[in-house]
Amino acid sequence: MPPVRSLKNYLRMFRKRSGLTQAELAGLLGCAHGSKVYRYEHGIRIPTLQTVIAFEIVFRVPVAALFTGTYEKVRGDVRARAQRLSRQLDAKPFTPAQKQKLEALVAVIYPPKDRGAA
């Protein structure tokens, strides 16, 4: 059975659940036209940080739930870069500053909720 894939975002689903039209949501976001919401929902346009925060406020849902697919991709990319940096730091002489960096990287690579799930 193939793995379940997350949608890039769930904006349309949350908008529909709220009963708002694209034009009404656009008004709440400070946009003039519902077509902008359409472009956000279909991944044609990337919302600004201010708009992402507005989505979170309107739908009362964390950004990670609104943009699950994007969140998962970014999380994977950051974890991979953290692993590379961790390997680079491991190759250097140990210092207290290096220990602090490695502890921060471990938290990125293995977040607390993931540590007990293995």
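The values are calculated or read from the model by the stated rules, or taken from the named source; none is laboratory data. Just so you know, these numbers come straight off a predicted model, no measurement behind them. FYI the Cβ positions are ideal-geometry reconstructions off the backbone, even for glycines, and counts take in every protein chain you see. Heads up: the accessible areas ignore ligands, DNA and RNA and are worked out on the full protein's heavy atoms, side chains in. Shrake-Rupley method; radii C 1.70, N 1.55, O 1.52, S 1.80 Å.
Could you identify which residue out of Pro62, Pro47, Pro93 has the top mean-square fluctuation in a GNM of the chain using Cα springs shorter than 10 Å?
Pro93
Using a 1.4 Å probe on the protein chains only, how many percent of the accessible area of the chain belongs to carbon and sulfur?
Ligands and nucleic acids excluded, carbon and sulfur reach 59 percent.
Mind listing which trypsin sites (Lys or Arg not before Pro) in the stretch 1-83 are in a DSSP loop and have 16 or fewer other Cβ atoms within 10 Å? List each step's numbers first, then the result.
Working: sites: Arg5, Lys8, Arg12, Arg15, Lys16, Arg17, Lys36, Arg39, Arg45, Arg60, Lys73, Arg75, Arg79, Arg81; in loops: Arg5, Lys8, Arg45, Arg60.
Sparse-neighbourhood loop trypsin sites (Lys or Arg not before Pro): Arg5, Lys8, Arg45, Arg60.
How much accessible area does Thr70 have with a 1.4 Å probe, in Å² rounded to the nearest 10?
For Thr70, solvent-accessible area is about 50 Å².
Straight-line reach from Lys113: which lysines fall under 19 Å, measuring Cα to Cα and dropping same-chain residues less than 8 apart?
Lys73
Which GluC sites (Glu not before Pro) does the stretch 54-118 hold that lie in a coil by DSSP with at most 16 other beta carbons within 10 Å?
Working: sites: Glu56, Glu72, Glu103; in loops: none.
Within the stretch 54-118, no GluC sites (Glu not before Pro) qualify (loop, at most 16 other Cβ atoms within 10 Å).
Any idea which of Phe14, Leu105, Val52 is furthest toward the positive side of the dipole for the chain, if Lys and Arg beta-carbons carry +1 and Asp and Glu beta-carbons -1?
Leu105
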